[in-house]
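First up is the structure itself, then whatever we jot down about it.
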Protein chains: 2
Amino acid sequence: MSDNESQWLGKTYNKKNIQECISKIKDKFGQQFSDSKSIREQHSHTMTIHESELPDGVLFASNKNDVSDAVKICNDFRCPIIPFGVGSSFEGHVNAPFGGLSIDLNNMNEILNVYQDDLLVTVQPGVTREQLNTHLRDTGLFFPIDPGANASIGGMSSTRASGTNAVRYGTMKDNVVSIEAVMPNGEIIKTSNKAKKSSAGYDLTRLLVGSEGTLGIITEITLKLYGIPEVIAGGRVSFTSIKDAADTVITTIQSGIPVARIELLDAIQVKACNLYSKLSLPEEPLLLLEFHGSKKSVDEQSELFGEIALEFGGNNYEWTSNNEERNKLWKARHDAYWAARSYMPGTEMYSTDVCVPISRLSECIVETVKDLNDNDLIGPIASHAGDGNFHVAVMLDTNNENEVSKLGPFLDRLSDRAIKMDGTCTGEHGIGQGKRKYMYNELGNSVDVMEAIKKSFDPNLIMNPGKLFI
Amino acid sequence: MSDNESQWLGKTYNKKNIQECISKIKDKFGQQFSDSKSIREQHSHTMTIHESELPDGVLFASNKNDVSDAVKICNDFRCPIIPFGVGSSFEGHVNAPFGGLSIDLNNMNEILNVYQDDLLVTVQPGVTREQLNTHLRDTGLFFPIDPGANASIGGMSSTRASGTNAVRYGTMKDNVVSIEAVMPNGEIIKTSNKAKKSSAGYDLTRLLVGSEGTLGIITEITLKLYGIPEVIAGGRVSFTSIKDAADTVITTIQSGIPVARIELLDAIQVKACNLYSKLSLPEEPLLLLEFHGSKKSVDEQSELFGEIALEFGGNNYEWTSNNEERNKLWKARHDAYWAARSYMPGTEMYSTDVCVPISRLSECIVETVKDLNDNDLIGPIASHAGDGNFHVAVMLDTNNENEVSKLGPFLDRLSDRAIKMDGTCTGEHGIGQGKRKYMYNELGNSVDVMEAIKKSFDPNLIMNPGKLFI
């Protein structure tokens, strides 16, 4: 969205109407509503350096009818709506640039039905992934998608979340079977039934997954589940260059080894981990592996991987199927986020990600490290290497204007680099506010098609405006 | 579409405009155009009992610019367009109920690029799946989706095709990475770059997959590839009841055995196969298995499966990783289509499919067999059991009006049964013309949302009208 468009969009909302709408919501929902500043602040807090933009009020929805009723009122008054899960997104998804109503879905946190024979579960959007897996513990099943934060399933669906084990289990796109959602006119739709596959019409499920609350509000999600693996093995191996590590990853994937996780940390991230977690890993690129399966299969996978790693000069490959030892091997990765955060005391961390075809991963990381060095920026890199996806955690002294001024241009170059390599400006963080400006560069006139879809769903542009593109 | 709607839609097209449009296309494309009756007949031929409805002309497109130019002309004249691959669909997808231009994409059959490191390939829509796999033979890679017919990749994408090994490799929805398509206004869009994952905006790729040519014409597809398995094993086992066979399937999937195919034939289909392929299988429900992986893994999978089958009373479980013997074990399945066709000489076969949650599969098949028996209809059943998907091949003496009159009500009951079991009226055959009337029953007001999307893409309703819903 250009500044012009933003101004135009701002003018489509009328402050007086919004206030009238909010007071109507307040009357209707009583105790479920709050306009206290601290609550409004919490609901625009994002884990980023995007400045907070507060909604005018927050509704704590109890059920889909609450959501539908509130949406109808907002639609009548053309009042923006911002759906809120746990607020763990990085790109300003829950900000309210034009004010409006934040709809908090945390009280809709029931696990409605586990379909054990069908390996499915139906949940409300406020269920978090940890809550879900705790609930499933006795069934022998689990839900694999793990974006790091204990995010809500509604939020994860809305942002097409993924994480470390997407290389084996896919992203939310692959694991959401059906969605119930409130449309901008208040109607409730269900995108599909629960068959494993269907060729009946447009794939509305996947249109809603990743739509960042701009097309409707998700009120129920049916997810795929998986049997908890009989055995989980972990592995770790160092390389002298990013290229060798990345080539190991490519060959592993090509060989059809069904790795469950294959993570790459660059030298500076390993250094941060050594400091934070009191480890003594060689400060060079590190691959961390996880293998799921039967004892036989996991042994075979671990050994085959070892042979590949050796071929590309991997040093000190260790692996284990003992849980405690596996956790030790993986400690660097588990602590990577906090290690990065505490690496440069007094700095703030700005986390971003891009994703490229795996053949371009090493080139993209190497160029990015050079870019950071050339600009005196510190940014540890952690990569979901099996997907060609990597994160840069740029450390900024926010009191140092010169340093802060370098961030924007660096992010622009990073996105541009990934897009030029036939990749994307965002592998898993979404677009939100932060990456809107890269959309045309990446997708060209497809963005016009997206806008047309948006307008056909939401002619009054009430659903999470200022995100994605409008 | 009700009769009323159909009449309304018919009125939106003007015969004179269509004729003018066709003659403009003829002038522009010369030898690439044909309006001969035999060519037009070929292009509305469908492998069904749906009556043929001929287009007014056929354009043999050579490249995306041809497609774009033709679409622009048709859009100006509001002339219907029917994209044509190899015409192997069952539900009247290539019929031209309102006349118009068939665009044949078979000459756009280049394999543009194999990205070996990224396990991707980019093809034109006229490439067939057999052509693709022949081309890939020396790379050690393959494209797994196999709907039976040697369909075109464009057609398979447009109908969200799947087939026997979807249980392991997914459907076209899971295997199309990016699409280039001509929109109804003639613009060419690309839905995404080639990164393995992205969270950048709406998932237009999956919106086009399964849209049956109603939103645009696919001119390029990037697909996922897989390493050819080191070893392929096949297996076969009989059961005394459909329920035991289906329970074996459920337990197999739950145990996380990554079966590549798990097919179920009912007793009458086995009988047909015995006759056609000169086999002497027990005439009771039969499961056929395929396992992909390393020697160790395939052995383990085959043995584990055998234990499960035994638990549910499976008889004479045989398996082999010898290719020749595997083909013998699988002969019944390979010949199933032709065995069904020739089972009742003098009859025509009407093939349909539904898909239900796997927990309901045996119930749905048993009720369907009873329904067939109660109505003196013959319909062998072949099921992609791991997906809860099954086909009924109803045999009809088309000269026997009484028999023919039973087909429609049987299909209605079958769809209704599947939908009531939280399934779909079409697992993989698509909607086309034949299943439009079930859409509201299955998806309710989601169909209105689909229609709104359709109209935002294609306000003149030129793209494959009379299919899906409009």
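The values are calculated or read from the model by the stated rules, or taken from the named source; none is laboratory data. Only a predicted model underlies this, so the values are computations on that prediction, with no experimental measurement involved. Every residue, glycine among them, receives a Cβ derived from its backbone with ideal geometry; neighbour counts consider all protein chains shown.
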query: If you take the residues of the stretch B:118-161 that are touching a residue at least 12 places away in the same chain (Cβ under 8 Å), more than 25 Å from A:TYR202 (Cβ to Cβ) and of a type in the set (Val, Ile, Thr), which of them is surrounded by the most Cβ atoms within 10 Å (Cβ to Cβ)?
result: B:VAL121
message: Just to be sure before I move on: is B:ALA96 assigned to a loop (DSSP other than H, G, I, E, B) and not hydroxyl-bearing (Ser, Thr, Tyr) in the structure I sent?
response: yes
query: Pick from the stretch B:178-206 the residues that are surrounded by fewer than 24 Cβ atoms within 10 Å (Cβ to Cβ) and of a type in the set (A, V, I, L, M, F, W, C): which of them is nearest to the other protein chains (Cβ to nearest Cβ)?
result: B:ILE189
query: Since A:TYR343 meets every condition but one in (1) away from every other protein chain (no Cβ under 14 Å); (2) under 24 Å from A:GLY92 (Cα atoms), which condition does it not meet?
result: (2)
- prompt: Taking A:ILE381, is it under 25 Å from A:GLN254 (Cα atoms) and either away from every other protein chain (no Cβ under 14 Å) or surrounded by fewer than 20 Cβ atoms within 10 Å (Cβ to Cβ) (or both)?
  reply: yes
- request: Those residues that are aromatic (Phe, Trp, Tyr) and more than 19 Å from B:ARG436 (Cα to Cα), I need them from the stretch B:46-102; list them, please.
  value: B:PHE60, B:PHE77, B:PHE84
statement: Per the list (1) at pLDDT 95 or above; (2) buried (at least 21 other Cβ atoms within 10 Å of the Cβ); (3) hydrophobic (A, V, I, L, M, F, W, C), residue check on B:ALA336 breaks on (1)
- request: Would you point out which residue out of B:GLY427, B:GLY386 is at the interface with chain A (Cβ under 10 Å from one of its Cβ atoms), in a loop (DSSP other than H, G, I, E, B) and either among the basic types (Lys, Arg) or closer than 17 Å to B:ILE358 by Cα (or both)?
  value: B:GLY427
message: Checking the conditions here, which among B:LYS406, B:LYS420 is more than 9 Å from chain A (Cβ to nearest Cβ), free of Cβ contacts under 8 Å to residues at least 12 places away in the same chain and not small (Gly, Ala, Ser)?
response: B:LYS420
- request: Within the stretch B:253-297, count every residue that is buried (at least 23 other Cβ atoms within 10 Å of the Cβ) and of a type in the set (S, T, N, Q).
  value: 2
message: Please go through (1) within 14 Å of another protein chain (Cβ to nearest Cβ); (2) in contact with a Leu (Cβ under 9 Å, 6 or more places away or on another chain); (3) surrounded by fewer than 19 Cβ atoms within 10 Å (Cβ to Cβ) for A:ILE111 and return the number of the only condition it doesn't satisfy.
response: (1)
message: Among the residues in the stretch B:166-174, are any more than 10 Å from every other protein chain (Cβ to nearest Cβ) and either over 19 Å from B:ASN109 (Cβ atoms) or within 20 Å of the chain's Cα centre (by Cα) (or both)?
response: yes
message: Residue under question is B:GLY234, and the condition is that it be within 11 Å of chain A (Cβ to nearest Cβ), surrounded by 23 or more Cβ atoms within 10 Å (Cβ to Cβ) and not hydrophobic (A, V, I, L, M, F, W, C); does it hold?
response: no
query: When A:PHE390 is evaluated against the numbered criteria (1) modelled with pLDDT of 95 or more; (2) closer than 24 Å to A:PRO184 by Cβ, which criterion, by number, is the only one it fails?
result: (2)
query: Is it the case that B:SER157 is modelled with pLDDT of 95 or more and more than 8 Å from chain A (Cβ to nearest Cβ)?
result: yes
Search result, residues across the stretch A:18-45 that are closer than 21 Å to A:GLY432 by Cβ and touching a residue at least 60 places away in the same chain (Cβ under 8 Å): A:ARG40, A:HIS43
query: Being of a type in the set (Gly, Ala, Ser), farther than 22 Å from B:SER198 by Cβ, modelled with pLDDT of 95 or more and outside the structural domain of A:ASN14 (by TED's automatic domain parsing), is that true of even one residue in the stretch A:94-117?
result: no
field: Subset of the stretch A:207-229 [touching a strand residue (DSSP E or B) at 6+ places or on another chain (Cβ under 7 Å), within 13 Å of chain B (Cβ to nearest Cβ) and charged (D, E, K, R)]
entry: A:LYS224
- request: Need at least 3 residues that are at pLDDT 95 or above and outside the structural domain of A:PRO125 (by TED's automatic domain parsing) per element, so show me which helices (runs of 4 or more DSSP H) inside the stretch A:1-70 make the cut, counting only ones lying wholly within it.
  value: A:15-29, A:37-42
task: May I ask you to list the residues in the stretch A:433-470 that are under 17 Å from A:VAL394 (Cβ atoms), facing chain B (nearest Cβ under 10 Å) and touching a residue at least 60 places away in the same chain (Cβ under 8 Å)?
output: A:LYS435
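Residues checked against (1) modelled with pLDDT of 95 or more; (2) assigned by TED's automatic domain parsing to the domain that holds A:ASN165; (3) in contact with a strand residue (DSSP E or B) (Cβ under 7 Å, 6 or more places away or on another chain):
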residue: A:ILE358; (1), (2), (3): yes, no, no
residue: A:ASP376; (1), (2), (3): yes, no, no
residue: A:HIS384; (1), (2), (3): yes, no, yes
residue: A:ASP397; (1), (2), (3): no, no, no
residue: A:LEU414; (1), (2), (3): yes, no, yes
residue: A:THR426; (1), (2), (3): yes, no, yes
message: Can you find, within the stretch A:59-76, the residue that is farthest from the chain's Cα centre (by Cα) among those that are hydrophobic (A, V, I, L, M, F, W, C) and surrounded by fewer than 24 Cβ atoms within 10 Å (Cβ to Cβ)?
response: A:ILE73
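Would you please name the residue that is farthest from B:MET156 (Cα to Cα), looking only at residues in the stretch B:419-443 that are buried (at least 19 other Cβ atoms within 10 Å of the Cβ), more than 18 Å from the chain's Cα centre (by Cα) and of a type outside the set (D, E, K, R)?
B:MET421
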- request: Give the residues of the stretch A:389-424 that are in a loop (DSSP other than H, G, I, E, B) and among the aliphatic types (A, V, I, L, M), sorted by residue number.
  value: A:MET421
field: Filter result (touching a helix residue (DSSP H, G or I) at 6+ places or on another chain (Cβ under 6 Å) and either away from chain A (no Cβ under 13 Å) or part of a helix (DSSP H, G or I) (or both)) within the stretch B:129-150
entry: B:PHE143, B:ASN150
query: For B:ILE189, all conditions in the list (1) assigned by TED's automatic domain parsing to the domain that holds B:GLY87; (2) under 23 Å from A:TYR169 (Cβ atoms) hold save one; what is the number of the exception?
result: (2)
